[in-house]
Amino acid sequence: MMVAAPGAMAGPDGLLRCPWAMGSPDYLPYHDEEWGRPVRTDAGIFERLSLEAFQSGLSWLTILRKRENFRAAFGGFEPATVAGFGPADEARLLADPGIVRNRAKITAVIRNARAALAVPGGLAALVWRYADPQAPVPATLADVPAWTPASKACARELRGLGFSFVGPVTVYAALQACGVVDDHLAGCFRQGAYSRN
(Lines give C-alpha, C1' and ligand atoms only; values in the text may rest on other atoms or scores of the structure.)
Protein backbone atom coordinates (compact mmCIF):
# COMPACT_ATOMS: atom_id res chain seq x y z
CA MET A 1 0.00 0.00 0.00
CA MET A 2 1.40 3.40 -1.00
CA VAL A 3 1.26 6.24 1.48
CA ALA A 4 0.88 9.75 0.10
CA ALA A 5 3.63 12.22 0.96
CA PRO A 6 2.41 14.78 3.46
CA GLY A 7 1.43 18.27 2.48
CA ALA A 8 1.24 21.27 4.80
CA MET A 9 0.06 20.35 8.29
CA ALA A 10 -1.50 22.35 11.10
CA GLY A 11 0.94 23.30 13.82
CA PRO A 12 0.23 23.77 17.52
CA ASP A 13 -1.20 27.24 16.81
CA GLY A 14 -3.37 26.01 13.92
CA LEU A 15 -1.19 27.57 11.20
CA LEU A 16 -0.35 25.30 8.28
CA ARG A 17 3.35 24.49 8.01
CA CYS A 18 5.76 22.19 6.21
CA PRO A 19 5.44 18.87 8.09
CA TRP A 20 9.13 18.68 8.98
CA ALA A 21 8.65 21.76 11.19
CA MET A 22 6.67 19.62 13.63
CA GLY A 23 9.45 17.04 13.98
CA SER A 24 11.03 18.75 16.98
CA PRO A 25 10.40 21.87 19.08
CA ASP A 26 13.75 23.16 17.74
CA TYR A 27 12.49 23.03 14.16
CA LEU A 28 9.41 25.21 14.68
CA PRO A 29 11.15 28.58 15.20
CA TYR A 30 13.75 27.73 12.54
CA HIS A 31 10.98 27.02 10.02
CA ASP A 32 8.84 30.01 11.02
CA GLU A 33 11.51 32.68 11.40
CA GLU A 34 14.47 31.73 9.26
CA TRP A 35 14.31 28.87 6.74
CA GLY A 36 13.55 30.34 3.33
CA ARG A 37 13.99 33.96 4.42
CA PRO A 38 16.30 35.64 1.89
CA VAL A 39 19.91 35.98 3.04
CA ARG A 40 21.87 38.49 0.99
CA THR A 41 25.18 38.89 2.81
CA ASP A 42 28.38 37.02 2.06
CA ALA A 43 28.71 36.04 5.74
CA GLY A 44 25.14 34.76 5.86
CA ILE A 45 25.58 32.66 2.72
CA PHE A 46 28.97 31.42 3.94
CA GLU A 47 27.45 30.35 7.26
CA ARG A 48 24.65 28.37 5.56
CA LEU A 49 27.06 26.66 3.16
CA SER A 50 29.37 25.82 6.07
CA LEU A 51 26.60 24.43 8.29
CA GLU A 52 25.19 22.38 5.43
CA ALA A 53 28.68 20.94 4.84
CA PHE A 54 28.92 20.00 8.52
CA GLN A 55 25.45 18.44 8.31
CA SER A 56 26.49 16.04 5.55
CA GLY A 57 25.93 12.55 6.94
CA LEU A 58 24.30 13.87 10.12
CA SER A 59 20.90 15.06 11.26
CA TRP A 60 20.13 18.74 10.65
CA LEU A 61 18.79 18.80 14.22
CA THR A 62 22.32 18.03 15.47
CA ILE A 63 23.69 21.05 13.60
CA LEU A 64 20.81 23.31 14.60
CA ARG A 65 21.33 22.52 18.28
CA LYS A 66 25.07 23.27 17.98
CA ARG A 67 24.63 26.37 15.84
CA GLU A 68 25.56 28.96 18.46
CA ASN A 69 28.66 26.93 19.30
CA PHE A 70 29.58 26.88 15.61
CA ARG A 71 29.10 30.64 15.38
CA ALA A 72 31.34 31.26 18.40
CA ALA A 73 34.00 28.80 17.19
CA PHE A 74 34.07 30.19 13.64
CA GLY A 75 34.10 33.92 14.41
CA GLY A 76 30.47 34.48 13.42
CA PHE A 77 31.26 32.94 10.02
CA GLU A 78 32.80 36.18 8.80
CA PRO A 79 34.81 34.96 5.81
CA ALA A 80 37.73 37.31 6.50
CA THR A 81 38.00 36.08 10.08
CA VAL A 82 37.82 32.38 9.18
CA ALA A 83 40.22 32.86 6.25
CA GLY A 84 42.84 33.98 8.79
CA PHE A 85 42.60 30.75 10.79
CA GLY A 86 45.84 28.81 11.02
CA PRO A 87 47.05 25.54 12.56
CA ALA A 88 46.36 26.70 16.15
CA ASP A 89 42.75 27.47 15.21
CA GLU A 90 42.35 24.08 13.54
CA ALA A 91 43.65 22.41 16.72
CA ARG A 92 41.25 24.52 18.81
CA LEU A 93 38.31 23.54 16.61
CA LEU A 94 39.22 19.84 16.67
CA ALA A 95 39.20 20.01 20.49
CA ASP A 96 35.86 21.88 20.74
CA PRO A 97 33.12 19.50 21.93
CA GLY A 98 30.47 22.09 21.09
CA ILE A 99 30.84 21.56 17.33
CA VAL A 100 31.20 18.64 14.94
CA ARG A 101 34.89 17.77 15.15
CA ASN A 102 35.58 16.51 11.67
CA ARG A 103 39.02 17.47 10.40
CA ALA A 104 38.09 17.37 6.69
CA LYS A 105 35.04 19.58 7.22
CA ILE A 106 36.89 22.06 9.44
CA THR A 107 39.69 22.32 6.87
CA ALA A 108 37.12 22.76 4.09
CA VAL A 109 35.37 25.62 5.90
CA ILE A 110 38.67 27.47 6.36
CA ARG A 111 39.60 26.88 2.72
CA ASN A 112 36.11 27.94 1.63
CA ALA A 113 36.43 31.20 3.58
CA ARG A 114 39.58 32.01 1.62
CA ALA A 115 37.83 31.11 -1.62
CA ALA A 116 34.81 33.24 -0.66
CA LEU A 117 36.99 36.32 -0.29
CA ALA A 118 38.17 35.89 -3.88
CA VAL A 119 34.73 35.45 -5.50
CA PRO A 120 34.29 38.25 -8.07
CA GLY A 121 31.32 40.35 -6.95
CA GLY A 122 30.97 38.41 -3.72
CA LEU A 123 29.60 35.05 -2.62
CA ALA A 124 26.01 36.25 -2.14
CA ALA A 125 25.83 37.65 -5.67
CA LEU A 126 27.14 34.38 -7.09
CA VAL A 127 24.60 32.24 -5.21
CA TRP A 128 21.65 34.52 -5.97
CA ARG A 129 22.32 34.18 -9.71
CA TYR A 130 20.83 30.70 -9.32
CA ALA A 131 17.44 31.92 -8.10
CA ASP A 132 14.49 30.85 -10.26
CA PRO A 133 11.37 32.91 -9.55
CA GLN A 134 9.41 30.61 -11.87
CA ALA A 135 10.20 27.44 -9.91
CA PRO A 136 7.07 25.41 -9.14
CA VAL A 137 5.68 25.51 -5.61
CA PRO A 138 5.92 22.05 -4.04
CA ALA A 139 2.60 20.60 -2.87
CA THR A 140 4.06 17.77 -0.77
CA LEU A 141 7.43 16.72 0.57
CA ALA A 142 7.70 14.32 -2.38
CA ASP A 143 7.77 17.36 -4.68
CA VAL A 144 10.88 18.81 -3.00
CA PRO A 145 14.01 17.62 -4.85
CA ALA A 146 17.29 16.72 -3.19
CA TRP A 147 19.12 18.76 -5.85
CA THR A 148 18.34 20.61 -9.07
CA PRO A 149 20.22 21.47 -12.26
CA ALA A 150 20.73 24.94 -10.75
CA SER A 151 22.26 23.56 -7.55
CA LYS A 152 24.48 21.28 -9.64
CA ALA A 153 25.66 24.24 -11.73
CA CYS A 154 26.21 26.39 -8.63
CA ALA A 155 28.19 23.58 -6.98
CA ARG A 156 30.32 23.24 -10.11
CA GLU A 157 31.00 26.99 -10.15
CA LEU A 158 31.89 27.01 -6.46
CA ARG A 159 34.25 24.05 -6.86
CA GLY A 160 35.86 25.83 -9.81
CA LEU A 161 36.58 28.73 -7.45
CA GLY A 162 38.28 26.47 -4.90
CA PHE A 163 35.38 25.50 -2.60
CA SER A 164 35.00 21.97 -1.28
CA PHE A 165 32.18 20.06 0.47
CA VAL A 166 29.78 21.83 -1.91
CA GLY A 167 28.05 19.07 -3.82
CA PRO A 168 24.66 19.62 -5.50
CA VAL A 169 22.69 18.33 -2.48
CA THR A 170 24.60 20.47 0.02
CA VAL A 171 24.27 23.52 -2.22
CA TYR A 172 20.54 22.91 -2.72
CA ALA A 173 20.00 22.74 1.04
CA ALA A 174 21.85 26.05 1.39
CA LEU A 175 19.76 27.60 -1.41
CA GLN A 176 16.62 26.56 0.47
CA ALA A 177 17.92 27.88 3.79
CA CYS A 178 18.95 31.21 2.23
CA GLY A 179 15.65 31.74 0.44
CA VAL A 180 17.17 31.51 -3.02
CA VAL A 181 14.66 28.69 -3.44
CA ASP A 182 11.24 28.86 -1.73
CA ASP A 183 10.47 25.25 -0.88
CA HIS A 184 7.83 26.01 1.73
CA LEU A 185 4.95 23.79 0.66
CA ALA A 186 1.75 25.09 -0.91
CA GLY A 187 -0.54 25.89 1.99
CA CYS A 188 2.33 26.61 4.41
CA PHE A 189 1.84 30.05 5.90
CA ARG A 190 5.41 30.96 4.92
CA GLN A 191 5.11 29.99 1.21
CA GLY A 192 5.73 33.16 -0.82
CA ALA A 193 5.93 35.25 2.36
CA TYR A 194 9.34 36.71 1.61
CA SER A 195 10.20 39.14 -1.13
CA ARG A 196 13.02 37.88 -3.33
CA ASN A 197 13.59 41.18 -5.09
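For the chain, modelled as a GNM whose springs connect Cα atoms under 10 angstrom apart, the maximal fluctuation among GLY167, GLY36, GLY84 occurs at GLY84.
Counting only protein heavy atoms and a 1.4 Å probe, the chain has 47 square angstrom of accessible area per residue. Which translational diffusion coefficient, to the nearest whole µm²/s, is obtained for the chain from the Stokes-Einstein equation, given a Kirkwood hydrodynamic radius over C-alpha pairs, 20 °C and 1.002 mPa s? My calculation gives 123 µm²/s for D.
Model label sites at ASP132 and LEU58, defined 7 Å from Cα along the beta-carbon direction, differ in position by 3.0 nm. The H on the amide N of LEU16, modeled in the peptide plane, is under 5 Å from the matching H of GLY11, PHE189, each at least 5 residues off or on a different chain. Loop-located trypsin sites (Lys or Arg not before Pro) in segment 89-189 (DSSP state not H, G, I, E or B) with no more than 14 neighbouring Cβ atoms inside 10 Å: ARG101, ARG129. Per-residue 3J(HN,Hα) values for segment 130-141, derived from phi via the Karplus relation 6.51 cos²θ - 1.76 cosθ + 1.60 with θ = phi - 60°, read 8, 5, 10, x, 9, 4, x, 7, x, 8, 9, 4 Hz in sequence order (x marks Gly and Pro).
Entry for segment 1-50 at q = 0.15, 0.16, 0.23, 0.29 Å⁻¹: log10 I(q)/I(0) = -0.54, -0.60, -0.88, -1.07, Debye formula applied to identical alpha-carbon scatterers, no solvent contribution. Carbon and sulfur atoms: what percent of the 1.4 Å accessible area of the chain do they account for? For the chain, the apolar C and S fraction of the accessible surface comes to 58 percent.
Cβ-Cβ distance of SER164 and ALA10, R₀ of 45 Å, FRET efficiency by 1/(1 + (r/R0)^6): the value works out to about 0.65. Charged neighbours of ASP96, selected by a Cβ distance under 13 Å, balance to +3 (K, R count +1; D, E count -1).
For segment 149-158, the Karplus equation 6.51 cos²θ - 1.76 cosθ + 1.60, evaluated at θ = phi - 60°, returns couplings of x, 5, 5, 5, 5, 5, 4, 4, 5, 4 Hz by residue, with Gly and Pro reported as x.
3J(HN,Hα) along segment 142-147: 5, 8, 8, x, 7, 7 Hz, from the Karplus curve 6.51 cos²θ - 1.76 cosθ + 1.60 with θ = phi - 60°, whole Hz, x for Gly and Pro.
The values are calculated or read from the model by the stated rules, or taken from the named source; none is laboratory data. Computed from a predicted structure; not experimentally measured. In this analysis, Cβ positions are derived from the backbone assuming ideal geometry, glycine residues included, and neighbour counts consider all displayed protein chains. What goes into the accessible areas is simple: the full protein's heavy atoms, side chains included, and nothing from ligands, DNA or RNA. Shrake-Rupley method; radii C 1.70, N 1.55, O 1.52, S 1.80 Å.
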